[in-house]
Every structure is written in C-alpha cells, then in structure tokens.
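The values are calculated or read from the model by the stated rules, or taken from the named source; none is laboratory data. Quantities reported herein were computed from a predicted structural model and do not represent experimental measurements. Cβ placement follows ideal geometry from the backbone for every residue including glycine, while neighbour counts extend to all protein chains displayed.
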Amino acid sequence: MATILVIDDSTSLRQVVSIALKGAGYSVIEACDGKDALSKLDGTKINLIISDVNMPNMDGITFLKEARKLPTYKFTPVIMLTTEAGEEKKTEGQAAGARAWVVKPFKPEQMLSAVSKLVAP
Amino acid sequence: MNLDEALDTFVAEAEELLGNMEDALLGMKRGSAAEDAIHAIFRAAHTIKGSAGLFGLDFVVGFTHTAESVLDLVRAGELEMDAAMVELMLEVCDHLGSLISLVRQGDLPDADLQGSASLLTARLQNYLEKNNPPSLPEVEAAGVVSDCWHISLRFGQDVLRYGMDPFSFIRYLGKMGRIVGMHTLTDGIPRLSAMDPESCHLGFEIRFESAADKETIESVFDFVKEDCRIVILAPHSMIEKYRILIEELPEDDMLLGEILVKCGSLTQNELDAALRIQASAPIGEVLVGQGMVRAPVVEAALEKQKQGRDAKAGEVSLIRVDSSKLDRLIDLVGELIIVGSSASLFAQRSGVAELLEITSSMSRMVEEVRDTALSLRMVQIGATFNRFQRVVHDVSRELGKDIRLEIGGAETELDKVVVEKIADPLTHLVRNSMDHGIEPEAARIASGKPACGTLKLNAYHDSGSIVIEVSDDGGGLNREKILKKAIEKGIVAADANLADQEICQLIFEAGFSTADKVSNLSGRGVGMDVVRRNIQDLRGSIELDSVEGQGTTTRIRLPLTLSIIDGCQVAVGKSSYVIPLDMVIECIEFEGGQDEAGQSGYLNLRGEVLPYLRLREYFEVDEAAQKRQNVVVVQYAGRRAGLVVDSLLGELQTVIKPLGRMFGGVKGIGGFTILGSGEVALILDVQRLLQQAEEREQKNSGRNLTIMEESRS
Amino acid sequence: MEKMAIEGELSICRAEELKRELLPLYETGRELEIDLSGVTEMDGAGLQLMVAMKIEAIARDVRLSFTGHSAAVMEVLDLADLVGFFGDPVLITRQ
C-alpha cells in the first residue's frame, strides 16, 4: 500500500484530503508544517508527499529542499499546493524540483486524480 | 420601437464606443496596459461594424471592416500596436466619428470624406498585406484510417529525479481508455557503463482508444509537460500531421515510421504516403538521396526559385488597369448597343440593302466588342476562394476545431463587380458553417466522422448563372429547433405546415438567429437575412440544403454579369418585356382559351405539368388579350414555369438599367432597358416571377405545390 | 556463470547503487544471470536499467539472462511491451 505524507497548516484541509486518499486505498501520514513533516521523515517508505507552500515554522519549499538532502526521499514525488496568486513561489518551487502543482481551492476528486497520476494505491 | 429610433440608439452607442476607443488609444500612447486596451479598441470597431451592417450603412461597414481586420491581427498577437499604428487608429477613430455624425444627419459621405476614407483604408491595407504570409502549398489532405488517438512521448532527462515515473502516467492514461498498442523506445538508452541511471531515456509511441477529448488526454501529462515532448494526434488526423511528427522527432524517420505502423496508428500505405510527401521535390529527392544536402535546405531553395519564376511571369503578361476605367468602357459599350439597335431598326425600315448589310455586320462587331469588354472584367473566383484558406485557418484556431478547406471550380469566371460584392456574404457563410455547422471534435468522433471537419467552396456555371456553394460536413440543420424558434419569433404561424426545404430557408428571415449564445464569431458581421438581401441585390438567389447529421450546403446563384444580357423580347398589349435569354428554354403556342379565369394555372407540356403565369393579368395590362397567345418556358435553379405573353418579338442584346428607388418594390421586374426605337422595355426578374407563380398557385389550390424538378439525365 | 539477485526496489532510489554493483560483473566476461524474483517494486528507471544491462551485454558479447521475474517486474515489462526485447523465458501471467 502506498503511503502519502500530507503537509498543510489547515487541519480541515488535511482531514478532507486524508479522507479522500484513504477512501481510494492510500495510507496517509499528516504533518502541520515543514518542521513537523521533516520529523516524520525517519526512513519510513513514503511514496508521495503533498505539501502546502505557505506554512508557519517552515514553508513548503524549504521543506522540499531539506527532504531532497535525505537519500531515502531524494526521489519521492511531490505535489505542491498553491494559490492562483503564488506565481513567484511557483518559480522558486520549480527551481527546487517541484513539478506537480495543484491550485487551491481544489475538490477532493481533483486531488485524487493528481495523486493517481503519480502513484497507484 | 421603429427603425429610426433604433438608428438613434445606434448613433448614441457608436459615439460612446468611439469615446472608449479614443480613451484606450490615448491610454496606450501613455503606455498603459496594452492587452485590455487592444480588446476595447477591437470591440468598439467590431460592434460599430456589426450594427452598421444591420442598418445598411455600407460606407461605415466598408471602412470599419479594414480597421477591424488590422485590429484582429493585433489582438491575435500577429501585429504589434506600435506608435505609428496608434496614430493611424486615432485617425480612423476621428473618421468614424465624422461618418457617425453623417448618419445622425441622414447624409451620405461627400467626395472629400470618401477620399480620406480611401487613404486611410490604403494605409490599413498596408498592415494587412505585410502580414499576409504566402499561402502554403496544397498537401495531400487525407485523414488516416486509424480511429484511435496517437500519443507520442519523449520524457525529459530530469523526470525521474523529480520523483516522477513515466509508467505511472501511462497507467493513469490506461484508466481513461484503452492502450491499443504501445511501443517503448529503447534506442535512447545507452549501455550500462555509459549510462546515468538517474536520467530518463525513455520514449513511447502509444495508440490509444478513448472517448475523452484532447484536453483531458493532455491533462494526464500536466506534471511533466515542461520536461517532456508530447504530441497528441486525434483520430483520423491528417497524414500531414504524422509526417510532421516523424520529421520532428529525433529518431530515424524510417524506424519511427515502422514503429507507427507497428502500433497500428498508420497503415503501411499511409506511411508511404507520408514519406512521399516528405520527399516531394524531385531534384531534392536526388540530392537528399545522395546524402548531399538536407531536405529542408532543398525545399527552401526550390520554393524560392518558384516564387521568383512566378513573379517574373506575372510581370510580362499582366497590366493593371483601374477598374473604374473598365466600368466606363462597359457603360459605353452599353450605349453603343442601344444606338446600334436603333440603327438596325431604321435600316430595316428604310429597306436600303447596303445599309442593312452594314448595320448587320456592325451588330456582329458590337456583339464581339461587348463580349470582349465583359470578359475584361471577368475574373476567376479562385483568388477569392484562396483568401478563405486564411480565414478558415484563423477561425478554426479560434474555435479550437480542426477544419480544412477544399476548393473546387477555382477557374470559374465571373464579373469582378460580383466577386467584390460576394466576398462579404461568403465570409459570413463560411464563418457560420465553421461556427455552427461543424461540430466540436469530440462530437464528430462520437458520430463516427473524421475529427477534422471539411469545408468546401465550389463554383460552377449553370444556365447563365454562376453557382457558388459553401458546404460543410457538420451536423446539419436541426429543423425542429429552427421551426420552434421561427414560431417563437413570430416568423411563421404556429400551425404552419412547412416542407423540410422551406424550414431550412427560414434561417434567412429577418430577425432569425440560430445561435443559442452569441459567440465571438457569429456576433461578427451580419445576419443571414442581410446575406440574402445582399445576394438578391445582385439579382441572385440563395438556398440551403441540409441533411441532419451529414452537413449543410448553401448555394448562391448569381448572374454572370450585372450589366448586359441577351434577352428575348416579348409583348403584352403595347408593352414590351425582356426575358433573359439564358433562362428561356422554349416558346410554344398557348392553347388555353382567353376566357379562362385567373392569373395562373397549369398546362400540359408534353405530358409534364407546367405551372404558368399570365403576364397580362400579373402586370394588370388593360388592353384586351389577343386571340393568339404564346408561352415562354423559363427555367431557373432547376424550376420551370411558363409565362403567357401576346407575341414574341425576337432576341436582342440589352443593357440593364436599374429601376429607380421608387420602383424598387415592384415585384417581377429586375430593371429596364431602352430599345432601339427609343421605347422602354421592362426586364423580367424570372426568379421572382417563378416564386410568385408558385405562391399564387399554392394559395389558389390550397395544397403544396409540387415543383417540377428539372430531370438531369 | 555469474549470478546475482536483485532484491527489493528496482527503482530510481537505487538506480545509482545498482549500476555500481552490476557493472563489475561484466568484467569477468562470463555468462550473467540476474534473478528478479525478489523485486518488489519497479519503475521506469528500473526498466531502463534492465535495457542498459542488456545493451552492455550485447556490446561485450556476453550472455545475459533475467530469471524469476516477479509480478512487479512483469507488470512493467507487459505494459512496455518489452518481454520480447529481452527474450528471456517468462511465465505468461496475462491472457
């Protein structure tokens, strides 16, 4: 079973995403910001990371750069969540190697289809 | 609200739009946001042109049209709105302002204003010509047999490093349809010792069966679209597109071609055709075959040679003549004909043999002069048709539909004046067909048609007329919808019993619009009723054939020339009438008694039913009928009818003089001419008369009239 | 004959590591047999690694065979339609 790490400072967003992903057969780990998420990267196999960009403590792009330094997570696919307005953040994220973007607000099924393009349950 | 009030509204609206246009232009001059300003400017010109067309303000339409075309190119990003153009557009804006104030006063532009209009138009035209790319040579335009999508993927080398697995996308694609055939390209993969194992070297050719649309299929690869070369070809795509695919991909052409055949996306024949097109230049083939030069180099060189040759040939054989000089010549020839027939008449009366001989040979010469003069003004319709390549190209891109244009009968000749006047209605019909006729790609595929729509322009001569056809292979007209709309709009009565054919023609009625929503395109220009009016002003007619699900053909029938015709002169009482000779089939003696009541009826023509119309009653000629009467059998657009007249006076050449405005409403008369004797003869508008004959008969008999179709054997 | 078994992931995460382990095997010049029965996951990187191994073998004129294809391997080979490319005997799992 594929495991997905969901990082967002909004609890309700994490919940909705988790419910959708679990319903589709994925296993989900949640984290509330970049720092929290880094602490969960303890060698556990993670097949996909979904991360918000703007978060307190550590933002999504810094997190991504840190995660890529760990051998286990060097090639883990990442979906970044962004808002329409976050264009310059997107450029920064692209430079850090993020290619998959989902624009907020999104519907659960949009997230599911994005996820299933990258990993099967 | 009446038309005058509506015109006031138009003036007010136009003034407001011109104000916006000026503001936007001045804003651009100061360097404010260009995108919105360009849209505002275009919108102003576009709206003014559209409304002016509805009011028949041709001088406004004509002038605005060129400006709009230039702005259209700016909007599409094909022209740049530089400082010079801003200045020009400001002048355009001012000129439009003057035109609109003329409209307010109910005046027409004077010579001065016309002069400045043509200067401005010429300057605008400059931009258009600069931007008109040379038309592409015709390529083999057949679609491939395969009814599947073809997807060609070359993943960028960093894809794997971003954590993305090419196969995950292919698996996802598999959820959207069926992967019928797939070839994994291994050629790009180096040997292990030379390989960077984290770089991606994979490519795929996929034959994919799915009901999804192109956008949906594209979205599968959203996350890799920046790092990946993706080509998606719709089912039944042109072989040309496969040729481009083969050419543009890095692999060896032959190898890639074989892969496409293996996937089933191309048949061997189609591959051969594609490779043949590729190597079409004969000298080039040899050179490339010998490995001396690369194909594109040769093609470019040959193309250049050809252009040079064409230009040279053109210089030698053509001179440019101001068309107003030609018009003057035709006018003079017209006068010459009238004077000539006068002379013949008096020669006959005088009975002097030598004079008769001279006048008859003079008539022959005059006839030749007439034909030659007219032929000077005859141009092939091909050039007009070819202009539509661009229109079709642009519009299909705008609509997101894949539509190609087929041209037939390009060498068919017709009067230059007619060609000029037909361009606008034709543009409207073409746009209409593309917008409303041809369905979106998904719908076409669903109904088993090739993804690429076809629009056909065709022209041919038919009994003294030229017929121009605009046909599409789209969805055809929905008769129920049309009828419903027509009843809604009060164009026909709710209980009207109409034949299919008649329902189709309803779209030409004033106030009828088929579009549910006003799209960018259908909003452009004029309505179908205006198209019909334009055609009728040219003494032509328009009709429409449509098979639901298979397409629509609009047929415009026009006289070959507008000014001089061969006619058959007839008399009713003391009045003379002229029937265009092209439309006369035969003349027979009328056997029905004069005492028979009514204007019209049927007669038996060698076993066929022929509706007839008595001109005496129709034109309310008071004198009593002669004992013997004749029937002139006329034919127009496949329909026949008889016109009952007193006597037949023979053939003659006539110059058509238009009737004054006062007589514009007289039905059945197309113009008048001055006979050699100085008398006036009326020229019959056979098309209207035929219509009237049918209508009356329908009313009289209270049943549908079966129109005699000409049997084409 | 040189034998080696690939266990666990045959994927981008281990591509570099596997290349380092596999390359020396060719030096012996002997026939190679790679056991894939322990492969739990395979991706595009894994597939192109297999292809590169095969090409390396052909270039060196060394016989290379893959054996014991696991379900994860077969799924990718079937999808890519490359079973025939390798020419190794495999268990036909699909109809």
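Looking at the stretch B:391-419 only, could you name the residues that are more than 22 Å from B:Leu233 (Cα to Cα) and either crowded, with 16+ Cβ neighbours inside 10 Å or within 12 Å of the chain's Cα centre (by Cα) (or both)?
B:Val391, B:Ile407, B:Gly409, B:Thr412, B:Glu413, B:Leu414, B:Asp415, B:Lys416, B:Val417, B:Val418, B:Val419
Limited to the stretch B:160-181, what total is found for residues that are more than 8 Å from chain A (Cβ to nearest Cβ) and either touching a Cys at 6+ places or on another chain (Cβ under 6 Å) or in a strand (DSSP E or B) (or both)?
4
Among the residues of the stretch A:5-28, which ones are in contact with a helix residue (DSSP H, G or I) (Cβ under 6 Å, 6 or more places away or on another chain) and more than 21 Å from A:Thr83 (Cβ to Cβ)?
Passing the criteria: A:Ala24, A:Val28.
In the stretch B:168-212, which residues are farther than 26 Å from C:Glu17 by Cβ and of a type in the set (A, V, I, L, M)?
B:Leu173, B:Met176, B:Ile179, B:Val180, B:Met182, B:Ile206, B:Ala211, B:Ala212, listed by residue number.
If you take the residues of the stretch B:595-618 that are at pLDDT below 70 and either at positive phi or acidic (Asp, Glu) (or both), which of them is surrounded by the fewest Cβ atoms within 10 Å (Cβ to Cβ)?
B:Asp595
Quickly run through the stretch C:23-51 and pick out the residues that are surrounded by fewer than 23 Cβ atoms within 10 Å (Cβ to Cβ) and closer than 24 Å to B:Val159 by Cβ.
Answer for the stretch C:23-51, where residues must be surrounded by fewer than 23 Cβ atoms within 10 Å (Cβ to Cβ) and closer than 24 Å to B:Val159 by Cβ: C:Leu23, C:Thr40, C:Glu41.
Within the stretch B:283-304, is even one residue modelled with pLDDT of 75 or more and crowded, with 16+ Cβ neighbours inside 10 Å?
no
Of all residues in the stretch B:41-61, how many are in a helix (DSSP H, G or I) and either surrounded by fewer than 16 Cβ atoms within 10 Å (Cβ to Cβ) or not assigned by TED's automatic domain parsing to the domain that holds B:Asn126 (or both)?
1
Only one residue in C:Glu41, C:Glu2, C:Glu33 is among the acidic types (Asp, Glu) and under 30 Å from A:Leu70 (Cβ atoms), so which one is that?
On inspection, the qualifying residue turns out to be C:Glu41.
Could you tell me whether C:Ser65 is over 28 Å from B:Met164 (Cβ atoms) and more than 10 Å from chain B (Cβ to nearest Cβ)?
yes
Name the residue that is nearest to the chain's Cα centre (by Cα), counting only residues in the stretch B:459-488 that are of a type in the set (D, E, K, R) and closer than 22 Å to B:Leu429 by Cα.
B:Glu469
Residue by residue through the stretch A:42-75, note down the ones that are under 14 Å from the mean Cα position of the chain (by Cα), small (Gly, Ala, Ser) and within 14 Å of another protein chain (Cβ to nearest Cβ).
Residues satisfying the conditions are A:Ser51, A:Ala67.
Residue by residue, here is whether (1) out of contact with any Phe, Trp or Tyr (no Cβ under 7 Å at 6 or more places or on another chain); (2) at pLDDT below 80; (3) of a type in the set (A, V, I, L, M, F, W, C) holds:
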{"site": "B:Leu477", "(1), (2), (3)": "yes, no, yes"}
{"site": "B:Ile482", "(1), (2), (3)": "yes, no, yes"}
{"site": "B:Leu498", "(1), (2), (3)": "yes, yes, yes"}
{"site": "B:Gly525", "(1), (2), (3)": "yes, yes, no"}
{"site": "B:Ile556", "(1), (2), (3)": "yes, no, yes"}
{"site": "B:Thr561", "(1), (2), (3)": "yes, yes, no"}
{"site": "B:Ile564", "(1), (2), (3)": "yes, yes, yes"}
{"site": "B:Gly567", "(1), (2), (3)": "yes, no, no"}
{"site": "B:Ile579", "(1), (2), (3)": "yes, no, yes"}
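Here is a yes/no grid of residues against (1) in the same structural domain as B:Glu270 (by TED's automatic domain parsing); (2) outside any loop (DSSP other than H, G, I, E, B); (3) modelled with pLDDT of 85 or more; (4) not acidic (Asp, Glu):
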position	(1), (2), (3), (4)
B:Glu68	no, yes, no, no
B:Leu73	no, yes, no, yes
B:Leu88	no, yes, yes, yes
B:His95	no, yes, yes, yes
B:Ser98	no, yes, yes, yes
B:Leu102	no, yes, yes, yes
B:Ser116	no, yes, no, yes
B:Val139	no, no, no, yes
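Quick one: which residue in B:Ile438, B:Ile422 is of a type in the set (A, V, I, L, M, F, W, C) and under 10 Å from the mean Cα position of the chain (by Cα)?
The conditions single out B:Ile422.
Inside the stretch B:75-86, can you point out the residues that are in contact (Cβ under 8 Å) with a residue 12 or more places away in the chain and part of a helix (DSSP H, G or I)?
Result: B:Arg75, B:Ala83, B:Met85, B:Val86.
Looking at (1) at negative phi; (2) away from chain B (no Cβ under 13 Å); (3) among the polar types (S, T, N, Q); (4) touching a Lys or Arg at 6+ places or on another chain (Cβ under 8 Å), which one does A:Ser39 not meet, given that it meets all the others?
It is condition (4) that A:Ser39 fails.
Restricting attention to the stretch B:585-594, which residues are at pLDDT 85 or above and either acidic (Asp, Glu) or within 29 Å of the chain's Cα centre (by Cα) (or both)?
Once the filter is applied, which keeps residues that are at pLDDT 85 or above and either acidic (Asp, Glu) or within 29 Å of the chain's Cα centre (by Cα) (or both), the stretch B:585-594 yields B:Glu586, B:Glu589.
What is the residue count in the stretch C:14-31 for residues that are within 13 Å of chain B (Cβ to nearest Cβ) and in contact with a Lys or Arg (Cβ under 7 Å, 6 or more places away or on another chain)?
Of the residues in that region, 1 qualify.
Say whether the condition of being at pLDDT below 85 and assigned to a helix (DSSP H, G or I) is met by at least one residue in the stretch A:28-49.
Checking the stretch A:28-49: not a single residue is at pLDDT below 85 and assigned to a helix (DSSP H, G or I).
Suppose we filter the stretch B:338-396 for residues that are closer than 30 Å to B:Gly437 by Cβ and either small (Gly, Ala, Ser) or in a helix (DSSP H, G or I) (or both); how many remain?
Residues flagged as closer than 30 Å to B:Gly437 by Cβ and either small (Gly, Ala, Ser) or in a helix (DSSP H, G or I) (or both) within the stretch B:338-396 amount to 15.
Mind listing just one residue for me: the one in the stretch A:76-121 that is aliphatic (A, V, I, L, M) and more than 15 Å from the chain's Cα centre (by Cα) and, of those, farthest from B:Gln157 (Cα to Cα)?
A:Ala85
Of the residues that make up the stretch C:83-90, is at least one within 18 Å of B:Arg171 (Cβ to Cβ) and either of a type outside the set (Lys, Arg) or at the interface with chain B (Cβ under 9 Å from one of its Cβ atoms) (or both)?
Yes, the stretch C:83-90 contains at least one residue that is within 18 Å of B:Arg171 (Cβ to Cβ) and either of a type outside the set (Lys, Arg) or at the interface with chain B (Cβ under 9 Å from one of its Cβ atoms) (or both).
How about the stretch C:1-13: which of its residues are within 12 Å of chain B (Cβ to nearest Cβ) and over 11 Å from the mean Cα position of the chain (by Cα)?
Across the stretch C:1-13, the qualifying residues are C:Glu9, C:Ser11, C:Ile12, C:Cys13.
In the stretch A:95-106, which residue that is at pLDDT 80 or above and surrounded by fewer than 15 Cβ atoms within 10 Å (Cβ to Cβ) is nearest to A:Lys74 (Cα to Cα)?
A:Ala95
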